[in-house]
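First the structure, in the form of structure tokens, and then the observations on it.
Just so it is clear, none of the values below were taken in a lab; they were calculated from the coordinates. Just so you know, these numbers come straight off a predicted model, no measurement behind them. Every residue, glycine among them, receives a Cβ derived from its backbone with ideal geometry; neighbour counts consider all protein chains shown.
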Amino acid sequence: MVNPLYIQTPVYSSKEHPNVFYKMESFQPTQSFKVRGMDALCRFHFNQGRTKFIASSGGNAGYSLAYVCQKMGASLKVIVPETTSKYMIDKITSLNTEVEVYGDAWDEANKKALEISKKDGSVFVSPFDDPLLWKGHSSMIDECAKQIGRPDKVVVSVGGGGLLCGVLEGLKKHGWTETKIITTETYGAASFYQSWKAGKIISLNEITTIANTLGAKKIAKKAFSMAKGFETQTFLMSDEDAVTASSLFYDEFRVRVEPACGAALSVPYLFPELLYENERVLVIACGGANSPGSL
């Protein structure tokens, strides 16, 4: 296999704010950026003769991994927490993937997946904490380099930190270290925010947000360390703000995304004071497949 299983997504400019650009990752075959990293990770292990995988996921990572494994002819089991919707579980199982529900948050599901991988020799796949994933995610910045050039600022949602690592790796690759970063999270899943304020990795006691795909109690160490190399601003908003921003995005582009994506979208739509006039801003519209019917 040579061709990647993800696509080059377009960049849309805002009608009201022409200097705000949205990287439309919801147009991926699995409706989220996750397929980029999963393609890179699976391709690496598949070339080593490894064809049995196990993963922990809140939904989107597992769905993207299931898509890639099905295309490559690999077997997969995904452990998801109880917060994962039946809609998302059904999407994963529709791709010939076994799903087990375990734990009240992603972290518990992750421990279970690790235990199984040690027993049966499956390749363990983290939804966000793996250099292969970050390399895959960085491809979106390679595309942006051709599409819009260097942005002055990037707005990105943070869950476990895999997307952030990919974005920062891509910016560094292109020498764009002067680009500023705004990380966005909801109040109920603020692991990066709390860690950034404390100056060390903080583990949350619980996840209490509708944006459950942001629900990692502790971020990847690499996300924390890489962000120190950039001018980084952390920002929190309510679940209601994330949902409202997702609705406004749909009104403008007729594209549905999850509240986890709405966290980043809330900056240009609801908190434009965080952006400066004439500043070229790239917003990662990371997408999300867990948005059936209505927001």
Extension gain residue 86-residue 115, at 0.36 nm per residue separation less the Cα-Cα distance, in nm? 8.0 nm
Among 249, 161, 286, which residue has its Cα positioned farthest towards the positive end of the charge dipole of the range 153-295, with +1 placed on the Cβ of Lys and Arg, -1 on the Cβ of Asp and Glu, and the dipole taken about the Cα centre? 161
Model label zone, residue 15; criterion: amide N under 20 Å from point 7 Å along Cα-to-beta-carbon; scope the range 240-274: 244-257, 262, 265-272
Which of 75, 139 comes first, and how do the rest follow, when ranked by fewest Cβ neighbours within 10 Å? 75, 139
Whole percent per 10 Å bin, from 0 to the bin with the longest distance: what is P(r) over all C-alpha pairs of the range 190-295? 14, 41, 35, 9, 0
Violating pairs (Cα-Cα greater than 29 angstrom) within the set 118/173; 34/118; 34/222; 112/172; 118/228; 118/172: 118/173; 112/172; 118/228; 118/172
Toy charge model, Lys and Arg Cβ at +1, Asp and Glu Cβ at -1: the range 35-128 dipole around Cα centroid in debye, rounded to 20, equals 400 debye
Can you work out the Karplus-derived ³J(HN,Hα) for every residue in the range 84-101? Use 6.51 cos²θ - 1.76 cosθ + 1.60 with θ = phi - 60°, whole Hz, and x for glycine or proline. 6, 5, 4, 4, 6, 4, 5, 5, 5, 5, 5, 9, 6, 10, 7, 10, 10, 8
Total charge dipole magnitude, the range 85-189, about the Cα centre, Cβ charges on Lys, Arg, Asp, Glu only, Debye to nearest 20: 380 debye
Under a crude label model (7 Å from the Cα following the beta-carbon direction), how far is residue 52 from residue 208 in nanometres? 4.2 nm
Counting only DSSP beta bridges with both partners in the chain, the antiparallel fraction in percent, to the nearest 5, comes to 10 percent
Taking every pair of distinct Cα atoms and averaging 1/r, then inverting, what Kirkwood hydrodynamic radius in Å comes out for the range 35-128? 12.7 Å
Would you work out which of 40, 28, 51 lies farthest towards the positive end of the dipole of the range 1-53, given +1 charges on the beta-carbon of Lys and Arg and -1 on that of Asp and Glu, about the Cα centre? 51
Most fluctuating residue of 165, 69, 261 in a GNM of the chain with Cα springs under 10 Å: which is it? 69
Going by how many other Cβ atoms sit within 10 Å of their own, how do 88, 237, 72 line up, fewest first? 72, 237, 88
Unit charges at the beta carbon, dipole of the chain: most positive-side option, 6, 219, 184: 6
The range 205-261-the range 75-144 distance, computed between alpha-carbon centres (Å): 19 Å
Across bins of 10 angstrom width beginning at 0, how are the C-alpha pair distances of the chain distributed, in whole percent? 7, 31, 39, 20, 3, 0
The chain: calculated mean residue ellipticity at 222 nm from DSSP helix runs of at least 4, using -39500 (n - 2.57): -12500 deg cm²/dmol
Could you give the size of the charge dipole of the chain about its Cα centre, using +1 on the Cβ of each K and R and -1 on the Cβ of each D and E, expressed in debye and rounded to the nearest 20? 1080 debye
